[in-house]
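So the structure is just underneath, and the comments pick up after that.
Nothing in this text is a laboratory measurement; each read-out follows from the coordinates by a stated rule. Source: prediction; values computed, not measured. Positions of Cβ are generated from backbone atoms using ideal geometry, with glycine treated the same way; all protein chains shown enter the neighbour counts.
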Amino acid sequence: MSDTAERAADVTGPPPGGRAAGGNGFLRAVRHGLGAFLRQREATVLVVVVALFLYFTIDSPNFLTHPNMANLLSGIAAPYIILAIGEVMLLICGEIDLSVGFVLTMSPFVMYFLVTYDGVPAILAIIISLIFGLVVGVVNGFLVVTLGLPSFIATLGTSFVLYGLVLTTSHGEPVNVPASLQHIGKFFGNETTSGWGWSAFIWAVALVAIFQVVLTQTRWGLHTVAVGGNQLGAREAGISVARIKYGNFMITGMLGALVGLQVAFYDNTIDPAAGGYTYMFYAVAAAVLGGTAMLGGAGTIIGGFLGALLLAIFTDGFAIIGVSANPLFIVFGAGVLVAMIANVQLGRLREAGRT
Amino acid sequence: MTTAPDGEAASASADGDILRIEHVSKHYGAVVALIDINIHLQRGEVLGLIGDNGAGKSTLLKILCGFQPPTSGHIFLEGEEVTLKSVDHARSLGIDAVYQDLALVNQLSVYHNMFLNRERVRWPLLNQRAMRKEAKTRLDEMGIQIPSVTAEVAKLSGGQRQAVAVARSVYSNPKILLLDEPLAAMGVKEGAIILDLVKELKRRGVSIIIIAHNYAQVLEVCDRINLIQGGKITLDKLSSETSADQLTEMVVAEYRRALEERQRAAS
């Protein structure tokens, strides 16, 4: 407990921004605001995102064009963003879901089979496939919360089961989105006829806004942080840890199913090779890049959004300027490591009250 | 079950008891943590529950705050027998606890911690401003000094954290407050803040059980002392009728017995 004494000394120091005293009120306010901004973990990622965006814009005339932006934001970024929302919620409450990428793979097949073989109406088929994602979340929650498995192992297990189910039911072959679903598909990001290209990204931004509010302005979000920050303490305060964890697994599963439908509609094909671990790991990487701690208790949805955007800009930008995709992963890996190191080290600095 | 609590109760009038526990035992598998415990707490009284590590103090606290049920025995709240089903349930009956580990979330602000699981809500959103204001008022009222209610709890000192935890439990206007080692890991000066807080709560009519390991400080605020040794109550006296010396003697005697037993077992 010797470090508590140090903390006590810290808080008696000048308040944040206090050192900017002097100069007129406006300047002080600007400096204070800037200081507060830079202390946010997301700020670093935002700076990198903007810098990269400018770099690719200047470097290639094909970057800042309607088709490329639509592809970057709706085709590449949107799925990562939406999956990252779920992973951020789970990571904050101290869990992880490795299976969400295969929920993504499976959910459009659920819709396809219902429509094609059972003649279920389109809307109902979509609702049922979203519920399918919810059910996978319940199963993950059951394994982790009720049976007490580590979430890494539990969701690894459900991953394989889901992948096996996809391969078995689809015989490993892609199928086209049935014509009866084309109309409603527009709502979920089917762009084959319109060429407009923004709907998947709008979904992503709307969900980011909603979950940022959920995380910071509702009891659910507060309790999610509490469970991840101090599980025993949360339980002693009367919070149902099981409810929070089940709920966040369900949210993640349902978002995974939604992304599955969107990817299928966007590509206009339902592919057993879509999604999988790649998407899941991109989502986790986005969360980590955005400052979410793997040990729980800290993280933001906006951070996950920026992290996903960063990955998407890299992917798209490298392709546009004609650099092979192969070294891309070296950059991603380095990025994740740097973000993680910064997280840990900044955390230490913050603890020492020096930021 | 209407028998009065037995033992050498110093000043027992059954009507004045806000809390009575009778013949409470707790087993964890083969391990016996509490054996046939009888305790009573009078209205507005501060009771010190004192004992060595592992004597069963924290087990008893966890039973009283609804965190875990006793293996057997009865709990009476204001004369009525109750079964405490959960922490929430106990809280709704007016029993609140400040745990040894404080149950604070480091990553959350002071005011979020103070309102944890009883947040002010303007559905569906949290009423942050109301919580901030109320937290500040309450802390000021209790004379607790904190840099800011929006500060992360991780940045507070041990005494400040304890004060926040106590202030938090006072929020629900408990009739009975259980404090588990409120002075642990605290300097004399910071300890004094907490002891003043206890006196203030007593003045407000809250009945308090303080669980403590170091009894010298606690004697100052407690009206009565119960000593718990090896899962049993071995002493029940008014603070004025006992002393730190007597308690020390009893604890040392227990050590000696344990030591002799061990030596006998070894030889």
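Would you mind giving the three semi-axes, in whole Å and largest first, of the ellipsoid equivalent to segment A:268-352 according to its Cα gyration tensor?
On the way: eigenvalues 145, 53, 22 Å².
Semi-axes, largest first: 27, 16, 10 Å.
If each of A:L64 and A:F160 carries a label point 7 Å out from its Cα toward its Cβ, how far apart are those two points in nm?
Taking the simple label geometry, A:L64 and A:F160 are separated by 5.0 nm.
In Å, what Kirkwood hydrodynamic radius results for chain A from the alpha-carbon pair distances?
Values: mean 1/r = 0.0463 Å⁻¹.
After inverting the pairwise mean of 1/r, the radius is 21.6 Å.
Using amide H atoms built in the peptide plane, which far-off residues or other-chain residues are under 5 Å from B:I18 H to H?
When sequence neighbours closer than 5 places are left aside, the close amide H contacts are B:L41, B:Q42, B:R43.
Assuming 0.36 nm per residue, please report the length gained on full extension of the stretch A:L295 to A:I131 beyond their Cα-Cα distance. The partial results should precede the final answer.
Working: separation 164, 0.36 × 164 = 59.04 nm, distance 2.91 nm.
Length gained, A:L295 through A:I131: 56.1 nm.
State whether segment B:97-188 is rounded, prolate or oblate according to the following rule on the C-alpha gyration tensor (a ≥ b ≥ c being the square roots of its eigenvalues): a/c under 1.5 gives rounded; otherwise a/b larger than b/c gives prolate, and the remaining case gives oblate.
Details: a/c = 1.74, a/b = 1.43, b/c = 1.22.
Prolate, since a/c reaches 1.5 and a/b exceeds b/c.
Could you list the residues of segment B:149-193 with an amide nitrogen less than 18 Å from a label point located 7 Å from the Cα of A:H32 in the Cα-to-C-beta direction?
B:149-152
Ranking A:S99, B:S207 by Cβ neighbours within 10 Å, fewest first, what do you get?
Details: A:S99 30, B:S207 23.
Ascending number of Cβ neighbours within 10 Å: B:S207, A:S99.
Run the numbers for B:D245 and B:T71: contour at 0.36 nm per residue of separation, minus the present Cα-Cα distance, in nm. Show your work: numbers first, answer last.
Numbers: separation 174, 0.36 × 174 = 62.64 nm, distance 3.42 nm.
Here the answer is 59.2 nm.
Can you put B:W123, A:W196 in order of Cβ neighbours within 10 angstrom, beginning with the fewest?
Values: B:W123 8, A:W196 12.
Going from least to most buried by this count: B:W123, A:W196.
Once you place label points 7 Å from the Cα toward the Cβ at B:R203 and B:W123, how far apart are they in nm?
Taking the two extended label points, one gets 4.0 nm.
Would you mind getting the Kirkwood hydrodynamic radius of chain B from its Cα pairs, rounded to one decimal in Å? List each step's numbers first, then the result.
Numbers: mean 1/r = 0.0514 Å⁻¹.
Roughly 19.4 Å, rounded to one decimal.
Classify segment A:55-110 from the C-alpha gyration tensor, please: rounded if a/c falls under 1.5, else prolate or oblate depending on whether a/b exceeds b/c. Could you put the intermediate results ahead of the total?
On the way: a/c = 4.34, a/b = 1.88, b/c = 2.31.
Oblate, since a/c reaches 1.5 and b/c is not below a/b.
Using Cβ counts within 10 Å as a stand-in for footprinting exposure, how do A:D97, A:D271 rank, fewest first? Walk me through the numbers on the way to the answer.
Values: A:D97 34, A:D271 17.
The fewest-first ordering by Cβ neighbours comes to A:D271, A:D97.
Under a point spin-label approximation (7 Å from Cα along Cα-to-Cβ), what is the B:R256-A:H183 distance to one decimal in nm?
About 9.4 nm, to one decimal.
So what is the orientation-averaged projected area of the protein assembly as shown, using the convex hull of its C-alpha atoms, in nm²? Working shown, then result.
Details: hull surface 144.5 nm².
Convex hull of Cα atoms, orientation-averaged projection: 36.1 nm².
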